[in-house]
Amino acid sequence: MNKTKPFENILITGITGFLGSHLAKELVNRGYKVTGLIRSKSNTKRINEVLDLIKICDLDKTPLDRFIWNEKIDCVIHTACLYGRKNESIEDVNYCNITYGLEILESLKKNNRPVIFINTSTVLPPEVSIYSLSKHKFEELAKKITIGSGGRLKFINIRLHNIYGLNDDAEKFINYVIQRCLDNNGVIDLTSGHQKRDYIHVDDAVNAYVRIIEYFEIKEDLLSQDIDVGTGLLISIHDIVKIIHTKLQSTTKLNFGSIPTRKGELLEPSIDLNKITYLGWKPQVTLEDGIKELIQEQISNKK
């Protein structure tokens with residue numbers, strides 16, 4: 001990789017979230033200057049170990065335009081999102097997944113500096129949920145803004161497959177299944193589980209972002225469009241649940257087929273890893289090792 005840092009100041013949105021916090025820690029460890037956007041109510045526990053090494057902007061206290069101007073941001077990694085799993089309103093989901101990112105792009109455009117905007121997208125089709133619809137709408141609008149920036153803004157769209165790992169939300173699917181299987185009681189209601197997914201460990205995902213950042217200047221043409229980040233290995237929901245259930249020798253009942261499949265559900269995602277593997281990247285963490293790590297985390301948390 002390049003020995004010189006291609007960017008002076010990397011701004012991470014969603015820095016207190018699962019992916020954003022892992023990115024922040026890795027980039028700080030690699031010697032990058034990292035800044036983050038938060039709100040006054042944001043919980044910073046995931047980044048406490050590097051909080052003193054990060055410049056934080058509380059958007060409830062500092063205008064976004066002023067912060068971006070003062071900090072001379074030249075790279076943005078946009079990880080902030082709302083899934084709508086915690087009863088958030090449609091307005092909240094749309095603000096986080098569409099309006100927030102557009103506000104950042106408009107601020108960058110006013111700043112008149114060259115900036116790379118790395119978006120974290122979804123492989124789910126827009127008709128599956130408000131979350132996926134809002135993510136696709138943002139991509140569409142963001143690309144138009146960057147095209148109209150006179151070349152100052154460059155847009156990279158990472159189609160990130162199902163990410164998992166330590167310190168993730170308890171509501172995420174793998175964590176939820178592990179927790180319910182550890183309880184050894186009750187029933188887990190599930191769809192048929194025929195839909196397949198590509199599960200990528202957060203450490204591998206972070207390393208993919210780093211590769212893109214550090215190779216951008218010499219591979220700009222390659223990295224100017226959508227980039228898939230996953231393992232290339234698909235597994236059905238049914239099989240991953242059975243693997244967890246078997247590993248834990250759980251007595252929790254698995255009730256496959258009790259939940260109807262979502263309208264427009266993606267049964268088997270397409271994935272093209274040519275761009276990311278061309279940079280010399282490849283996943284290192286197997287799904288088996290990743291699940292084992294999560295099981296140990298939850299067992300430790302129970303003690």
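So, with +1 on the Cβ of K and R and -1 on the Cβ of D and E, and no other charges, what is the size of the charge dipole of the chain about its Cα centre, to the nearest 20 debye?
Taking the Cα centre of the chain as origin, the dipole is about 340 debye.
So for the chain, taking the charge dipole from beta-carbon charges (+1 Lys/Arg, -1 Asp/Glu), which of 128, 182, 107 sits furthest toward the positive end?
Of the options given, the answer is 107.
Roughly speaking, what is the centre-to-centre gap between the stretch 115-182 and the stretch 261-303 when only Cα atoms are used, to the nearest Å?
Distance between centres, Cα-based: 15 Å.
To the nearest 10 degrees, how steeply does helix 18-29 sit against the main Cα axis of the chain, on a 0 to 90 scale?
Once rounded, one gets 50 degrees.
Tell me the net charge near residue 183. Cut-off is 14 Å between Cβ atoms, residue 183 excluded, with +1 for each Lys or Arg and -1 for each Asp or Glu.
+3
Put one equal scatterer on each alpha carbon of the chain, apply the Debye formula with no solvent term, and list log10 I(q)/I(0) at q = 0.11 1/Å to two decimals.
-0.69
Rounding to the nearest 10 and keeping the result within 0 to 90°, find how far the Cα-based axis of helix 130-147 lies from the longest principal axis of the chain.
That helix lies at roughly 20 degrees to the long axis.
Using only the alpha-carbon atoms, how far is helix 202-215 inclined from the longest principal axis of the chain? Give it as 0 to 90 degrees, nearest 10.
With rounding to tens, the tilt is 20 degrees.
Roughly how many debye, to the nearest 20, is the charge dipole of the stretch 33-180 about its Cα centre, given +1 on each Lys and Arg Cβ, -1 on each Asp and Glu Cβ, and no other charges?
Here the size comes out at about 360 debye.
Using the number of other C-beta atoms within 10 angstrom as an exposure proxy, rank 206, 177 with the fewest first.
So the residues, fewest neighbours to most, are 206, 177.
Diagonalise the Cα gyration tensor of the stretch 1-160 and give the resulting equivalent ellipsoid semi-axes, square root of 5 times each eigenvalue, largest first, whole Å.
23, 20, 15
Quick check for me: using +1 on Lys/Arg Cβ and -1 on Asp/Glu Cβ, what's the dipole size of the stretch 202-303 about its Cα centre, in debye to the nearest 20?
About 740 debye.
In terms of modelled amide H atoms, which long-range or inter-chain residues lie less than 5 Å from the amide H of residue 56?
36
Read-outs throughout are calculated quantities, based only on the coordinates presented, and are distinct from any laboratory measurement. All values reported here derive from a predicted model rather than from experimental measurement. Cβ sites come from the backbone with ideal geometry, for glycine too, and all protein chains shown count toward neighbours.
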